[in-house]
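Visitor: There's a structure below that I have some questions on.
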Amino acid sequence: MTTYEHFIGGKFTPGEGDRFGDVFNPALGKPQSKVNLATAVDVDAAVSAAQSAFETWGNTSVTARARIMFTFRELLVRHEDELAEIISSEHGKTIEDARGEVVRGREVVEFACGIPQLLKGDYNDQVSGSVDMHSFRQPLGVVAGITPFNFPIMVPLWMHPVAIACGNTFILKPSERVPGASDLVARLYVEAGLPDGVFNVVHGDKVAVDAILEHPGISAVSFVGSTPIAKHVHEGATRSGKRVQALGGAKNHAVVMPDADLDFAADQLVAAGYGSAGQRCMSISAVIAVGPVGDELIAKVRERTLALRIGAGDEPGADMGPLVTAAARDRVLDYVAQGEAAGADLVVDGRGLTVEGHESGFFVGPTLLDNATTDMSVYTDEIFGPVLTVLRVPTLDEAIDIINANPYGNGTAVFTSSGEVARTFQRNVKIGMIGINVPVPVPMAFHSFGGWKDSLFGDHHMHGPEGVRFYTHAKVVTTRWPHVSEQSLAHLNFPTAQ
Ligand code: NAD
């Protein structure tokens with residue numbers, strides 16, 4: 001059985017710790033490999049390696065940094081199948097779905113290939129007599145990324161290509177449930193020619209995370225995961241003086257208006273609710289049916305839900321795989337029971353599903369609950385499973401009020417054929433990422449990704465222009481080359497333009 005080791009200073013190492021995590025194959029319900037869990041000493045070793053690499057990398061030309069990103073991008077293309085298989089086997093999502101995240105993550109590397117353009121500064125000639133001013137940005141130093149299980153390669157790729165292209169050195173603490181993709185990414189960076197110590201991987205759990213938060217040698221932390229841990233990371237990192245962006249959980253609503261194309265909306269809702277077994281931070285989990293649309297919409301969603309094929313991620317034709325762990329499966333089953341007990345109508349019940357040949361797998365079938373209310377736990381909590389919960393309201397304004405009262409603010413969508421409805425919706429919802437007839441509106445790499453409210457703690461969204469700002473400090477330089485005759489002009493007043 002493979003044991004995944006840390007990757008520190010260009011070398012794989014088991015580190016100092018004697019704790020290990022099991023990495024499961026969720027479709028089989030069995031461990032398939034192990035992972036070393038880091039101690040604070042291992043984190044310190046990674047910081048030392050990254051600090052010494054920064055001395056050179058931070059001064060490497062921006063052109064040379066871009067070239068390595070181009071090579072890394074080609075290697076990600078060449079290893080797409082292998083990456084998708086690793087992700088599917090550890091996470092459970094279908095191979096095609098995993099391939100999608102490899103592609104979307106790779107797009108951030110393509111964005112980072114443009115780093116010479118992205119780091120261009122500004123210049124003003126003659127801001128005062130014989131005085132010019134220019135601004136530019138420089139890397140922070142050693143930065144760290146802490147990532148969740150549900151996108152084993154895409155979420156880390158939101159962070160490290162931008163951070164590294166900006167001239168920082170990076171420590172990745174991936175989810176201990178899905179270490180395989182990060183292991184391969186480390187090997188690909190070596191092949192791309194990235195110097196030792198610029199990219200490091202420290203596997204682990206809370207012990208490693210807390211050591212990162214406290215380490216004085218780390219300048220900034222990027223986090224993606226659940227809201228309670230995002231808060232913990234934001235508080236811990238700011239307490240020790242770090243810059244931090246901590247993206248949390250979600251409860252994404254899709255509003256379906258009476259003027260929507262209901263077949264189109266039903267197709268999209270099923271894809272967005274059950275894709276990756278609902279384990280996406282941009283999954284739709286609450287559907288708000290407006291006005292008379294409910295009965296017809298539910299019938300269409302039900303029909304499509306019953307047609308889904310559930311199986312192991314590597315099974316040809318499977319639409320949806322298992323949950324990541326037995327605990328995640330049990331949690332989802334419990335929420336469905338709570339929803340039913342609270343009075344929601346169980347239109348499709350995914351409990352009790354067994355998949356032939358995978359009887360011990362962590363499967364839950366797609367589940368559809370109708371007539372839920374905003375006080376039910378099946379609505380208030382992030383379930384993170386294949387459960388669509390439908391609420392019915394009479395008007396768009398009430399739908400928007402529900403969305404705005406929800407503590408999460410990651411993504412939302414409206415299905416409509418009215419430009420006026422779409423405009424009202426996008427202007428009034430307190431949400432970071434909005435889809436108009438697009439249920440999973442994940443921004444492209446050259447825009448930035450992030451939510452509002454309890455879905456993001458910190459100021460900056462991830463990748464895109466905000467990523468570049470997050471991973472760099474600004475400098476503004478005021479320059480004068482005085483003539484000898486001007487030297488007598490100095491006085492003690494606060495300087496103003498002349
Ligand atoms: P998680 O919060 O359990 O774990 C995320 C990271 O934090 C992991 O690396 C984990 O090792 C670490 N961690 C876990 N418990 C910790 C603790 N007590 N102290 C310190 N560190 C700890 O999240 P998950 O279950 O891996 O991922 C699913 C969650 O991530 C969902 O809530 C989902 O919405 C969220 N998510 C959000 C986004 C976004 O962009 N907002 C994207 C993907 C996932």
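The values are calculated or read from the model by the stated rules, or taken from the named source; none is laboratory data. This structure is a prediction, so every number in the text was calculated from the model and none was measured. Glycine also receives a Cβ, built like all others from the backbone with ideal geometry; neighbour counts cover every protein chain displayed. Side chains included, ligands, DNA and RNA excluded: accessible areas come from the protein's heavy atoms. Shrake-Rupley method; radii C 1.70, N 1.55, O 1.52, S 1.80 Å.
Visitor: When residues of segment 334-347 are filtered for being of a type outside the set (Ser, Thr, Tyr), buried (at least 18 other Cβ atoms within 10 Å of the Cβ) and touching a Gly at 6+ places or on another chain (Cβ under 9 Å), how many remain?
Guide: 1
Visitor: Please specify each residue of segment 360-379 satisfying the condition of being closer than 17 Å to residue 271 by Cα and in a strand (DSSP E or B).
Guide: 367, 368, 369 - these are the residues of segment 360-379 that are closer than 17 Å to residue 271 by Cα and in a strand (DSSP E or B).
Visitor: Got at least one residue in segment 247-270 being open to solvent by 10 Å² or more (accessible area, probe 1.4 Å) and within 14 Å of the ligand (Cβ to nearest atom)?
Guide: no
Visitor: State which residue pairs qualify: first residue without any contact (Cβ under 8 Å) to a residue 24 or more places away in the chain and inside segment 428-456, second residue within 12 Å of the ligand (Cβ to nearest atom) in any location, beta carbons under 7 Å apart, and separation of 6 or more residues or different chains.
Guide: Pairs that qualify, where the first residue is without any contact (Cβ under 8 Å) to a residue 24 or more places away in the chain and the partner is within 12 Å of the ligand (Cβ to nearest atom), are 443/433; 443/449; 448/461; 448/462; 448/463.
Visitor: Same structure again: Confirm whether residue 427 is among the basic types (Lys, Arg) and exposed (fewer than 15 other Cβ atoms within 10 Å of the Cβ).
Guide: Yes.
Visitor: Could you identify the single residue in 156, 148, 152 that is touching a Pro at 6+ places or on another chain (Cβ under 8 Å), crowded, with 20+ Cβ neighbours inside 10 Å, outside the structural domain of residue 360 (by TED's automatic domain parsing) and not in a helix (DSSP H, G or I)?
Guide: Details: 156 fails: not in a helix (DSSP H, G or I); 148 fails: touching a Pro at 6+ places or on another chain (Cβ under 8 Å).
Going through 156, 148, 152 in turn, just one is touching a Pro at 6+ places or on another chain (Cβ under 8 Å), crowded, with 20+ Cβ neighbours inside 10 Å, outside the structural domain of residue 360 (by TED's automatic domain parsing) and not in a helix (DSSP H, G or I): 152.
Visitor: Suppose we keep only residues that are part of a loop (DSSP other than H, G, I, E, B) and not charged (D, E, K, R) within segment 176-186. Which one would you say is nearest to the ligand (Cβ to nearest atom)?
Guide: Here the residue is 178.
Visitor: Restricting attention to segment 84-104, which residues are of a type outside the set (Asp, Glu), open to solvent by 30 Å² or more (accessible area, probe 1.4 Å) and in contact with a helix residue (DSSP H, G or I) (Cβ under 7 Å, 6 or more places away or on another chain)?
Guide: 86, 95, 99, 104
Visitor: Is one or more of the residues making up segment 136-143 assigned by TED's automatic domain parsing to the domain that holds residue 76, touching a Cys at 6+ places or on another chain (Cβ under 6 Å) and surrounded by 17 or more Cβ atoms within 10 Å (Cβ to Cβ)?
Guide: Yes, there is a match, as at least one residue in segment 136-143 is assigned by TED's automatic domain parsing to the domain that holds residue 76, touching a Cys at 6+ places or on another chain (Cβ under 6 Å) and surrounded by 17 or more Cβ atoms within 10 Å (Cβ to Cβ).
Visitor: Are any residues in segment 431-457 open to solvent by less than 30 Å² (accessible area, probe 1.4 Å), more than 11 Å from the ligand (Cβ to nearest atom) and not in a loop (DSSP other than H, G, I, E, B), and if so, which ones?
Guide: Across segment 431-457, the qualifying residue is only 435.
Visitor: Here is a follow-up. Only one residue in 270, 221 is touching a residue at least 12 places away in the same chain (Cβ under 8 Å) and not in a helix (DSSP H, G or I), so which one is that?
Guide: Of the residues listed, the single one that is touching a residue at least 12 places away in the same chain (Cβ under 8 Å) and not in a helix (DSSP H, G or I) is 221.
Visitor: For the condition modelled with pLDDT of 95 or more, under 30 Å from residue 262 (Cβ atoms) and not acidic (Asp, Glu), what is the one hit in 415, 470?
Guide: 415
Visitor: Let me ask something else. Only residues that are open to solvent by 50 Å² or more (accessible area, probe 1.4 Å), near the ligand (Cβ under 9 Å from one of its atoms) and either over 25 Å from residue 282 (Cβ atoms) or charged (D, E, K, R) (or both): list them for segment 192-235, please.
Guide: 206, 207
Visitor: Could you figure out which of (1) in a helix (DSSP H, G or I); (2) in contact with a helix residue (DSSP H, G or I) (Cβ under 8 Å, 6 or more places away or on another chain); (3) under 26 Å from residue 319 (Cβ atoms); (4) in contact (Cβ under 8 Å) with a residue 60 or more places away in the chain isn't true of residue 107?
Guide: Here residue 107 clears every test but (2).
Visitor: Also, I was wondering about something else. Out of segment 363-401, which residues are more than 16 Å from the ligand (Cβ to nearest atom), of a type in the set (S, T, N, Q) and surrounded by fewer than 24 Cβ atoms within 10 Å (Cβ to Cβ)?
Guide: Correct list: 371, 373, 374, 395.
Visitor: Only one of these conditions is not met by residue 189: (1) more than 16 Å from the ligand (Cβ to nearest atom); (2) farther than 20 Å from residue 166 by Cβ. Which number is it?
Guide: Residue 189 satisfies every listed condition except (2).
Visitor: Quick check on segment 346-355. Is at least one of its residues outside the structural domain of residue 85 (by TED's automatic domain parsing), over 22 Å from the mean Cα position of the chain (by Cα) and modelled with pLDDT under 95? So that I can check it myself, show each step before the final result.
Guide: Taking segment 346-355 and keeping what is outside the structural domain of residue 85 (by TED's automatic domain parsing), we get 346-355.
Narrowing the set further to residues that are over 22 Å from the mean Cα position of the chain (by Cα) leaves 346-355.
Within this subset, residues satisfying the condition of being modelled with pLDDT under 95 are 352, 354.
Yes, segment 346-355 has at least one match.
Visitor: Can we say residue 167 is more than 10 Å from the chain's Cα centre (by Cα) and either closer than 14 Å to residue 58 by Cα or near the ligand (Cβ under 7 Å from one of its atoms) (or both)?
Guide: Details: more than 10 Å from the chain's Cα centre (by Cα): yes; either closer than 14 Å to residue 58 by Cα or near the ligand (Cβ under 7 Å from one of its atoms) (or both): yes.
In short, yes.
Visitor: Can you run down the residue pairs with Cβ atoms below 8 Å, 6 or more apart or on separate chains, where the first is in segment 199-218 and in the same structural domain as residue 176 (by TED's automatic domain parsing) and the partner is open to solvent by 30 Å² or more (accessible area, probe 1.4 Å) and near the ligand (Cβ under 10 Å from one of its atoms)?
Guide: 203/176; 204/176; 205/176; 209/229
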